[in-house]
1. Please pick out the residue among T165, T206, T187 that is surrounded by 14 or more Cβ atoms within 10 Å (Cβ to Cβ), more than 26 Å from L262 (Cα to Cα) and modelled with pLDDT of 90 or more.
2. For region 8-19, indicate whether the set of residues that are farther than 12 Å from V89 by Cα, part of a helix (DSSP H, G or I) and touching a helix residue (DSSP H, G or I) at 6+ places or on another chain (Cβ under 6 Å) is non-empty.
3. Does E95 qualify as being surrounded by 14 or more Cβ atoms within 10 Å (Cβ to Cβ), at pLDDT below 85, assigned to a helix (DSSP H, G or I) and among the charged types (D, E, K, R)?
4. Please enumerate the residues belonging to region 38-51 that are at pLDDT 85 or above and open to solvent by 60 Å² or more (accessible area, probe 1.4 Å).
5. Select from region 260-277 the residues that are of a type outside the set (A, V, I, L, M, F, W, C), modelled with pLDDT of 95 or more and open to solvent by less than 60 Å² (accessible area, probe 1.4 Å) and list them in ascending order.
6. Return the only residue of T206, T255 being more than 30 Å from R306 (Cα to Cα), in contact (Cβ under 8 Å) with a residue 60 or more places away in the chain and of a type in the set (S, T, N, Q).
7. What are the residues in region 138-188 that are assigned to a helix (DSSP H, G or I) and among the small types (G, A, S), if any?
8. So D375 clears everything in (1) out of contact with any strand residue (DSSP E or B) (no Cβ under 8 Å at 6 or more places or on another chain); (2) surrounded by 14 or more Cβ atoms within 10 Å (Cβ to Cβ); (3) not hydrophobic (A, V, I, L, M, F, W, C) except one condition, right? Which one?
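The values are calculated or read from the model by the stated rules, or taken from the named source; none is laboratory data. Note that the structure is a prediction, hence the values are computed from the model and not measured. Cβ placement follows ideal geometry from the backbone for every residue including glycine, while neighbour counts extend to all protein chains displayed. We work out accessible area using only protein heavy atoms, side chains counted, and drop any ligands, DNA or RNA first. Shrake-Rupley method; radii C 1.70, N 1.55, O 1.52, S 1.80 Å.
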Amino acid sequence: MAYTVPKLTDFSEPELDKASDELRAALKEESDAVSNETEWKLFRDRWMARKNGILTQINDLWLKAAPPDAKRRVGIRVNELNGDVERQVADTPWEYQTRAIIGKVAGKAVKAVLGGAQDAPLDITLPGNRRPIGAEHPIIKTMNEIVGVFRNLGYSVEEGPEIETDYYNFEALNFPPNHPARDTQDTLFVANQESKPQRDRLLLRTHTSPVQIRTMQKMKPPVRVVCPGKVHRNDAPDATHSPVFHQVEGLAVDTNITFCDLKGTLDHAMKALFGSSVKTRFYPSFFPFTEPSADVQISCIFCGGRGYRDGGPCRNCKASGWIELLGCGMVDPNVLGFVDYDPKKVSGFAFGMGVERIAILKYGVDDIQLFFNGDVRFLEQFG
């Protein structure tokens, strides 16, 4: 007669011993009766099925039904029986037979694939089929390298949407309403938004500076972030321009931030990217969101800053010995006002650089379009 889990009314130690012994005896008897795979599966399900298996039944009829003062000793017995059942199911000979059959079948299949019907030995010393591994795109590789330099300086990474509002892309960055960058000749606007207020109109971001505004809105000083990402401008593609390119911008806001901190940070970053012998110099420029603003040049990495090489003028720096690389400046107090920072208590600096421009210098590429054409012959050089 098949074993049935009894409903206990007496939870004393002797009664628990008696019920446990009866269960173990039934388990052993049913295990010994298994003679094929079908019977083994039925045996396993009868004892271990989640909904109505015997293990589930003893949990319901013994442990859950036990009075509070007996819960602990009943729980110990139930755990022991769970372990006994799992071991018995695993040790049932049919499982080992099934494994052996599977192993034999797999071995024959391998031989059939390698040597047809012949029992040719398998030479495990032969090399396997190597799957070609890809490599980072040179733009992504350069971007990660730039970000890594600033991560080592304690900067965190922030990202934001590529479709921005006029407010975040221009207004909050101190661009006046009549600024040329707002024209469709320079910026790619989403169509059919004439009915919206100007600040709510959508566009493809022209720089990653909106991420700086979003970051300052959700964080209080001190702030040190770099903002990598893709940007869009209405430029005709040629050897030096693309309507889609990438930037890494940075922002630091804290008490007593000065232009000296900006110069030291960027000088260190340029040396980390191009070598310790590289020099930097700053000269005045203008950006709506920084004051004062500066453009940064590095000494030419091709001619060593001499302005000539190979017996003639250096074409990369146009014989000047310097290459313009990025823009920077101290954050304009008006920008701090947009995010409710007190410009009397905190100050900051910002900078931005084009990833493609740096990649062109690092890898000696003469046409920016090569980065976007998807020509494997070009890209595999960076693998």
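1. One residue alone meets the criteria, T165.
2. Scanning region 8-19 turns up at least one residue that is farther than 12 Å from V89 by Cα, part of a helix (DSSP H, G or I) and touching a helix residue (DSSP H, G or I) at 6+ places or on another chain (Cβ under 6 Å).
3. Against the criterion (surrounded by 14 or more Cβ atoms within 10 Å (Cβ to Cβ), at pLDDT below 85, assigned to a helix (DSSP H, G or I) and among the charged types (D, E, K, R)), E95 qualifies.
4. We begin by selecting, within region 38-51, every residue at pLDDT 85 or above; these are 38-49.
Listed by number, the residues that qualify are T38, E39, K41, L42, R44, D45, R46, M48.
5. Within region 260-277, G264, T265, D267 qualify.
6. Values: T206 fails: in contact (Cβ under 8 Å) with a residue 60 or more places away in the chain.
Exactly one residue qualifies, and that residue is T255.
7. G148, A172, A181
8. (2)
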